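Here's the structure we're looking at; comments come further down.
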Amino acid sequence: MTDPIQQVVTILKQAQRLAVLTGAGVSKESGVPTFRDALEGLWARYDPQQLATPDAFQRNPKLVWDWYEYRRQMVRMAEPNPGHYALAALESYFPEMVVITQNVDDLHEQAGSSDVIHLHGNIAQSKCFANCQGVPTLIDVAELDTDETPPKCPHCGAYVRPDVVWFGEILPEDALLRAYHISEQADVMLVIGTSGMVTPAANLPEVAQYNGAPVIEVNPDTSMITRIASVKLDGPSGVMLPRLLEALRNDD
Ligand code: APR
């Protein structure tokens, strides 16, 4: 039985256009809990799916804002892990490589990935709840002279909210359209650290496979993607991706 890493190297050697889909698992070793981890302490009693919705925000804007401030703090303290860096280094092996992420942190960019599509937004950014100046109406909270939580939009007075996609909301259209296009055109798709439970992101590996691209999964557990994966690297991305990069280098 060939070593799965070697199987992946054989597949990647044929690839020109590599599409990568990442989820919360790729940031886990950076200390950012995955979305479905039970959040510690103060937030343990809250179910993210009850906080990350427009209704929850309208019902209790301060609670939702404070939860995102808590998560922003964690993301600010997080550093890219060896998995992020190995993924960024993979770019030199492919004429085209795009990272499509469900994560709202910017650890891929910090690690050097040069083309990242954020399907679910960016937790470091805030926007007017009413998008009163257009979609999205980004607001630099640091420039607002207020300690109200949540702050109010300086243009229209609506609440300011995190620039992330909440349950029940549509994804940023340009990001989603490009992600579908990249998945259709890919000749290999690498899927890292996602449970594959949330669509439309979870549909992208099937789009790639339908168009003839083998799907490779990196995950210590099984996921909804595992059943369509040609090869699975069973382990944390912070370990498996550096090993994969090393094997590619040795195969040069
Ligand atoms: N390396 C790789 N994968 C890991 C690691 C690791 N070190 N640790 C955990 N995982 C895997 C888990 O096994 C799981 O399959 O990462 C996956 C995380 O799954 P979720 O917590 O469901 O996160 P994700 O798939 O990104 O969720 C998708 O759902 O809740 C919404 O908007 C939210 O973007 C999120 C989306």
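Each value in this text was obtained by applying a stated rule to the coordinates, not by laboratory testing. Every value quoted in this text rests on a predicted model; they were computed, and no experiment measured them. Using ideal geometry, Cβ is built from the backbone for each residue, glycine included, and neighbour counts are taken over all protein chains shown.
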Give the calculated FRET efficiency between M197 and E246 to the nearest 0.05, with a Förster radius of 41 Å applied to their Cβ-Cβ distance.
-> 0.85
With each pseudo-label sitting 7 Å past Cα toward Cβ, what's the D174-D221 distance in nm, one decimal?
-> 3.6
Pulled fully out, how much extra length does the chain show between E143 and F167, if you take 0.36 nm times their separation in residues and subtract their Cα-Cα distance?
-> 5.8 nm
Could you pull out every one of the lysines with an alpha carbon less than 27 Å from that of K152, ignoring same-chain neighbours closer than 8 positions?
-> K62, K127
What is the Cα centroid distance between segment 172-242 and segment 132-147, reported in whole angstrom?
-> 34
Once T10 and Y93 are pulled to full extension, the length gained, defined as 0.36 nm per residue separation minus their Cα-Cα distance, is 28.6 nm
Assuming R0 = 22 Å, what is the FRET efficiency of Y210 and R17, from their Cβ-Cβ distance, to the nearest 0.05?
-> 0.90
Extension gain (nm, one decimal) between K62 and V135, 0.36 nm per residue minus Cα-Cα = 24.0 nm
Express the relative contact order of the chain as a whole percentage, based on alpha carbon pairs under 8 Å and six or more residues apart in sequence.
-> 25
Using all Cα-Cα distances in the chain, what percent lands in each 5 angstrom bin from 0 up to the longest?
-> 1, 6, 13, 17, 18, 15, 11, 8, 5, 3, 1, 0, 0
Rounded to whole Å and sorted largest first, what semi-axes of the equivalent ellipsoid does the C-alpha gyration tensor of segment 1-131 yield via the square root of 5 times each eigenvalue?
-> 33, 16, 13
Taking a quarter of the surface of the convex hull around the Cα atoms of segment 128-252, what do you get in nm²?
-> 11.0
Cross-link reach from K13 to lysines, straight Cα distance under 24 Å and at least 8 residues apart if same chain, gives K232
